[in-house]
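The values are calculated or read from the model by the stated rules, or taken from the named source; none is laboratory data. Computed from a prediction, not measured in an experiment: that's the story for all the values here. Please note: Cβ atoms are built from the backbone with ideal geometry, for glycine as well, and neighbour counts cover all protein chains shown. We work out accessible area using only protein heavy atoms, side chains counted, and drop any ligands, DNA or RNA first. Shrake-Rupley method; radii C 1.70, N 1.55, O 1.52, S 1.80 Å.
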Amino acid sequence: MTHIALDAIVKNFGAVRVLDGCSVAVDKGTVMTLLGPSGCGKTTLLRTLAGFVEPDAGRVRVGDRDITDLPPNRRQVGYVFQSYALFPHLDVAANVAYGLRVRRVGRAETQERVRKALDLVSLSAFADRYPARLSGGQQQRVAIARAMVLEPEVLLLDEPFNALDAKLRLSMQIELRKLIERVGITSIFVTHDQQEAMTLSDRVAVMRAGRIEQVGTPIEIYDRPRTAYVAAFIGRANVLAVDVAAGRVVADPAIAAARPDGPAWLVARPENLTLEPGGEGAGWRGTVAFSTPQGATIEYEVATGAPEPLRVVTLRKVGEPPLPVGTPVRVRAVDPAACVVLEDGPDGA
């Protein structure tokens, strides 16, 4: 059941169109991630849902309510800011209680709701500490508790892990996902980090220049990207110029192409390709330009004469060294069904 619906949202800042007809639906109890590079409009779209930005066109719905014209304090939406925005002069309990006091909630109810919110994020023992005495991960959990104490219908998170180091980011991603599942709250998460999107999301909306390029599960977007931009943004991908004839890729006829005959673009993940020294038959011929052993796998860069090398990840046998630089090789698809043929290439070429 759709819980959040953003319908054809348009927003201009002066002469610049920041959101250009963005539509996305989020089912109840799921996590949707808005994924894209800086400046693509994802935070503006999130702030439009929160009520901090007024759209120039389009509608915003939560449940059966149209909230487009409601102020932020009447939207029942919790917002976790990128900077956490904790008050340094208030202890943890007072920071969490702040929104309740603004709403004039009674003292006894405030204390009980703060206690439950701190229990939820495992910070009850830190209630009397000040933000300066907390780690980055603890500060983030205080910010989440402050949003959750208001008992919102929807939780919005604007790149909340940016201030954390890589190891803590991963652990906090997992903890946040567990928390959202435990509470069952519908959530929208903004990030430019594709690994965060894969870890946290039920569904991902990939954004580009104010538009939504594709919406789907993380696996759908990784396996079946609709554009070369999406393929390159989620994971690593080879995007190759190819020719199609009789529904097959000429260079490797094992790869089917539901496209008209003529030029096209092939998306092939490095793990879906393999290489063989020399050899005859279908595939792309080249030479090993670089190799990186990665424990159980070896990643190769193969020079084929194209502007970019082909990247291939192969399983490594015990005791087997990488092929030397300069070795002639043939690259072909391990699983032809895992390759995607598109009409448009990078930048709509």
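Which one, L157, L179, L35, has the greatest fluctuation when you compute a Gaussian network model over the chain with C-alpha springs under 10 angstrom?
Residue with maximal mean-square fluctuation among L157, L179, L35: L179.
Read phi for every residue in the stretch 91-104 and hand back ³J(HN,Hα) as whole Hz from Karplus 6.51 cos²θ - 1.76 cosθ + 1.60, θ = phi - 60°, with x for Gly and Pro.
6, 4, 4, 5, 4, 5, 7, 4, x, 5, 5, 4, 8, 6
Which percent of Cα-Cα pairs in the stretch 16-56 sits in each 5 Å bin, short to long?
It works out to 5, 20, 30, 28, 13, 4, 1, in whole percents.
By a straight-distance test (C-alpha under 22 Å), which lysines pair with K42 as possible cross-link partners, with residues fewer than eight away in the same chain excluded?
Result set, ordered by chain and number: K11, K28.
Classify the stretch 218-331 as rounded, prolate or oblate from the Cα gyration tensor: take a ≥ b ≥ c as the square roots of its eigenvalues, call it rounded if a/c is under 1.5, otherwise prolate when a/b beats b/c and oblate if not.
Oblate, because a/c is 1.5 or more while a/b does not exceed b/c.
Whole Å is fine, so just give me how far the alpha carbon centre of the stretch 145-165 lies from that of the stretch 19-66.
16 Å
Taking the Kirkwood radius as the inverse of the mean 1/r across Cα pairs, report the Rg/Rh of the stretch 54-160.
We get a ratio of 1.01 for the stretch 54-160.
Over the chain, average the accessible area per residue using a 1.4 Å probe and give it in Å², no decimals.
Accessible area per residue: 48 Å².
Going by amide H atoms built from the backbone, whose H comes under 5 Å of the H on V80, apart from near neighbours?
Under 5 Å from the amide H of V80: L156, L157, D158.
Among C22, G99, Q139, which residue has its Cα furthest toward the positive end of the charge dipole of the stretch 2-223, with +1 on Lys/Arg Cβ and -1 on Asp/Glu Cβ?
Most positive-ward Cα: G99.
Which of P160, P322, P218 moves most in a GNM of the chain, Cα contacts under 10 Å?
Highest fluctuation among the options: P322.
Note down the Stokes-Einstein diffusion coefficient of the chain in µm²/s, whole number, using a Kirkwood radius over alpha carbon pairs, 4 °C, and 1.567 mPa s.
Estimated via Stokes-Einstein, D reaches 57 µm²/s.
For V329, list long-range residues whose amide hydrogen, built 1.01 Å from N in the peptide plane, is under 5 Å from its own amide hydrogen.
G278, G286, T287, V288
Leaving out same-chain residues fewer than 8 places away, which aspartates and glutamates sit with a Cα under 15 Å from that of K317?
Cross-link targets: E276, E299.
Suppose every K and R has +1 on its Cβ and every D and E has -1 on its Cβ; what is the size of the dipole of the stretch 1-100 about the Cα centre, in Debye to the nearest 20?
Magnitude of the dipole: close to 40 debye.
Charges on Cβ only, +1 for Lys and Arg, -1 for Asp and Glu, centred on the Cα centroid of the stretch 2-223; of Q111, V62, F81, which one is farthest towards the dipole's positive end?
Q111
How long are the semi-axes of the ellipsoid equivalent to the stretch 1-106, from square roots of 5 times the Cα gyration tensor eigenvalues, in whole Å, largest first?
Here the semi-axes work out to 27, 18, 14 Å.
Calculate how steeply helix 166-183 sits against the longest principal axis of the alpha-carbon atoms of the chain, using the helix alpha-carbon long axis, and give the answer as 0 to 90 degrees to the nearest 10.
Helix 166-183 sits at roughly 60 degrees to that axis.
Around V242, which amide H atoms from residues at least 5 apart in sequence, or from another chain, sit under 5 Å from its own amide H, with H modelled in the peptide plane?
A264, W265, L266
For the chain, with a Gaussian network of springs between Cα atoms less than 10 Å apart, report the residue from A296, A205, A256 with the top mean-square fluctuation.
Its mean-square fluctuation being the largest, the pick is A296.
Can you compute the charge dipole magnitude of the stretch 182-318 about its Cα centre, using +1 on each Lys and Arg Cβ and -1 on each Asp and Glu Cβ, nothing else charged? Give it in debye, rounded to the nearest 20.
Dipole size: approximately 260 debye.
To the nearest 20 debye, what is the magnitude of the charge dipole of the stretch 2-223 about its Cα centre, counting +1 on the Cβ of each Lys and Arg and -1 on the Cβ of each Asp and Glu?
Here the size comes out at about 660 debye.
Please list, in order along the stretch 285-290, the HN-Hα scalar couplings obtained from phi with the Karplus expression 6.51 cos²θ - 1.76 cosθ + 1.60 (θ = phi - 60°), rounded to whole Hz, x for Gly and Pro.
8, x, 10, 5, 9, 6
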